[in-house]
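Peer 1: Quick one: this structure, given as structure tokens, is what I'll be asking you about.
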Amino acid sequence: MGQAQPASDIYALAALAVEMLSGTSPADIAVCDFKLVIEPYLQHLPTEVVQTLSMMLEPAVENRICDHTALMAQFDALANKKEPSLLRFLRRT
């Protein structure tokens, strides 16, 4: 069994976000290569948001966004984009 670490919290945060944004429990989402296949459930969101959640759900800790500073930088980059669909999404949250 793996050890709890900040990367575990980031995974849990993403799983919670997926459930809140999709209305589907992560337990009911298909898995491929140990990774949740979230894209079909989040088609209403900007691609960059789905990609960020996917990086947070990476099963291999060494490939996951592993600290809050990196995660905040990713969200800041998303917030600073000037895409109308992304801005609409970020304003709703």
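The values are calculated or read from the model by the stated rules, or taken from the named source; none is laboratory data. Since we're looking at a predicted model, the values are computed, not measured. Virtual Cβ from ideal backbone geometry, glycine too; neighbours counted across all protein chains shown. We work out accessible area using only protein heavy atoms, side chains counted, and drop any ligands, DNA or RNA first. Shrake-Rupley method; radii C 1.70, N 1.55, O 1.52, S 1.80 Å.
Peer 1: Based solely on C-alpha atoms, express the radius of gyration and the Dmax of the stretch 1-87 in angstrom.
Peer 2: Just the Cα atoms of the stretch 1-87 yield Rg and Dmax of 13.0, 43 Å.
Peer 1: Further, regarding this structure: Take each of the peptides 13-19, 39-45, average the number of other beta-carbon atoms within 10 Å over its residues, and list them starting from the highest.
Peer 2: Sorting 13-19, 39-45 by mean packing, highest first, produces 13-19, 39-45.
Peer 1: On to the next question. Please calculate how many Å² of accessible area the stretch 6-70 carries per residue, with a 1.4 Å probe and no DNA, RNA or ligand atoms counted.
Peer 2: Per-residue value: 57 Å².
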